Amino acid sequence: MNAKEMLEQVTKDGASDIFVVAGLPLTYKVNSTMRHLDDHKLMPEDTENVVTEIYDLAGQRSMKRFKETGDDDFSFSIPGVSRFRVSTFKQRGSFSAVIRVITFSLPSPDELSIPETVINLAKTRSGLVLVTGPAGGGKSTTLACIIDKINHEEESHIITLEDPLEFLHRHDKSIVSQREVSSDTESYLTALRAALRQSPDVLLLGEMRDYETISVAMTAAETGHLIFSTLHTIGAANTIDRIIDAFPSNQQHQVSVQLSMVLSAVVSQQLLPAEDGTLVPAFEIMMVNPAIRNLIREGKNHQIDDRIATSSQDGMIAMDTSIRNLYEKGIISRKTAIEYASNPEMMEKKLQ
């Protein structure tokens, strides 16, 4: 079976991620369950063949970067099958890959259980909107749904900077320019600086990786642009701490003040195993109101969780409240609710 046939088969089986690693059969994940394609353990020469075939499927992409550095990221499509995001790497000297399956068309937010409050962030006029959570937690999909809403409802120029491109957006009411780091531009920072000269109304920055990128993103938000981006954090307070801690200590107070002015919302999400064998998202939503701005400016980030928990009238919800709601609806188990809670001891008491 060649790489194309393999991708066709596992996509039909509903795979979300595919693992090509020596010493194991070809493995893929359906919801939170790992499955083997067959009993044949892949040897290093097998994984090299599969990885090479994947590069061929991606328009005969050059393997030079992968062979020189040991890592590469790219995406490609197989017509009639799906789109794929690939991360190739070397482990124990052998070629390996993890492949994310991305549908051609975006499911509706209702199908994905994304709250209307989150999708309505598309109506934000300016500022910085962050979607955070662990890798594989659905951040890219949530952002793609928000961008899709803007594209269908607003006359805007949307620029996305991604590494690699995932969901492809067709121009509708908006113009959507999608740039991929490495193939269309050398880095997030270079592309972000250039984007500010390209008349953007909305900027999607795939990830805020360092303080220089964060600094330019905040400056762009200050000047009236709407910026969407992601961070690998869980919880609004942790997200704010991560941003501020990315800067040298002598700049952190200034950054706190700037962040308090430009931040519009933080959505934190994670995927939980449901009782029916699927995965279900839990969301924390923080809308930045005057009280939250004061806490950020004064460095009282530890008080943000309490503020979120008592501000449901402003559309906010705490992560543990979202998890508890899923448990009370019978969607997740008690064990799952406690395991994924930000405060497991408190969750256990509330569920007694």
Would you check if ARG65 is of a type in the set (D, E, K, R), in contact with a strand residue (DSSP E or B) (Cβ under 7 Å, 6 or more places away or on another chain), over 21 Å from GLY136 (Cα atoms) and at pLDDT below 95? yes
Looking at this structure, is GLU298 under 30 Å from MET34 (Cβ atoms) and either modelled with pLDDT of 95 or more or among the charged types (D, E, K, R) (or both)? no
Give just the number: which of (1) modelled with pLDDT under 95; (2) under 16 Å from the mean Cα position of the chain (by Cα) does ILE99 not satisfy? (1)
Filter result (farther than 21 Å from GLU116 by Cβ and surrounded by fewer than 22 Cβ atoms within 10 Å (Cβ to Cβ)) within the range 149-162: GLU155, HIS157
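Would it be correct to say that SER268 is touching a Gly at 6+ places or on another chain (Cβ under 6 Å), surrounded by 22 or more Cβ atoms within 10 Å (Cβ to Cβ) and hydroxyl-bearing (Ser, Thr, Tyr)?
Numbers: touching a Gly at 6+ places or on another chain (Cβ under 6 Å): yes; surrounded by 22 or more Cβ atoms within 10 Å (Cβ to Cβ): yes; hydroxyl-bearing (Ser, Thr, Tyr): yes.
Criteria met by SER268.
One line per residue, one yes/no per condition, for (1) in a loop (DSSP other than H, G, I, E, B); (2) in the same structural domain as SER62 (by TED's automatic domain parsing); (3) out of contact with any Cys (no Cβ under 6 Å at 6 or more places or on another chain); (4) within 30 Å of ILE323 (Cα to Cα):
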{"residue": "LYS90", "(1), (2), (3), (4)": "no, yes, yes, no"}
{"residue": "ALA97", "(1), (2), (3), (4)": "no, yes, yes, no"}
{"residue": "PRO109", "(1), (2), (3), (4)": "yes, no, no, yes"}
{"residue": "GLY136", "(1), (2), (3), (4)": "yes, no, yes, yes"}
{"residue": "THR141", "(1), (2), (3), (4)": "no, no, yes, yes"}
{"residue": "LEU165", "(1), (2), (3), (4)": "yes, no, yes, no"}
{"residue": "HIS171", "(1), (2), (3), (4)": "yes, no, yes, no"}
{"residue": "SER183", "(1), (2), (3), (4)": "yes, no, yes, no"}
So which of ALA217, ALA191, ALA221, ALA236 ends up being buried (at least 16 other Cβ atoms within 10 Å of the Cβ) and free of Cβ contacts under 8 Å to residues at least 40 places away in the same chain? ALA191
Checking GLN60 against (1) over 23 Å from THR103 (Cβ atoms); (2) free of Cβ contacts under 8 Å to residues at least 40 places away in the same chain; (3) surrounded by 13 or more Cβ atoms within 10 Å (Cβ to Cβ), which single condition isn't satisfied? (3)
Residue that is nearest to MET6 (Cα to Cα), among those in the range 35-48 that are touching a residue at least 40 places away in the same chain (Cβ under 8 Å) and not acidic (Asp, Glu): THR47
If we take the range 312-352, then helices (runs of 4 or more DSSP H) inside it with 1 or more residues that are more than 17 Å from GLU275 (Cα to Cα) and under 22 Å from the mean Cα position of the chain (by Cα) are 319-328
Checked ALA274, ALA309 against criteria (closer than 30 Å to THR33 by Cα and either in contact with a strand residue (DSSP E or B) (Cβ under 6 Å, 6 or more places away or on another chain) or outside the structural domain of THR33 (by TED's automatic domain parsing) (or both)); the one match is ALA274
Say whether the condition of being assigned to a strand (DSSP E or B), in contact with an Asp or Glu (Cβ under 8 Å, 6 or more places away or on another chain) and surrounded by 18 or more Cβ atoms within 10 Å (Cβ to Cβ) is met by at least one residue in the range 23-35. yes
All positions within the range 293-311 that are crowded, with 21+ Cβ neighbours inside 10 Å and either under 16 Å from VAL118 (Cα atoms) or within 22 Å of the chain's Cα centre (by Cα) (or both): ILE308
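The values are calculated or read from the model by the stated rules, or taken from the named source; none is laboratory data. Model, not experiment: these values are computed from the prediction. Methodologically, a virtual Cβ is constructed for each residue, glycine included, from the backbone with ideal geometry; neighbour enumeration extends over all protein chains shown.
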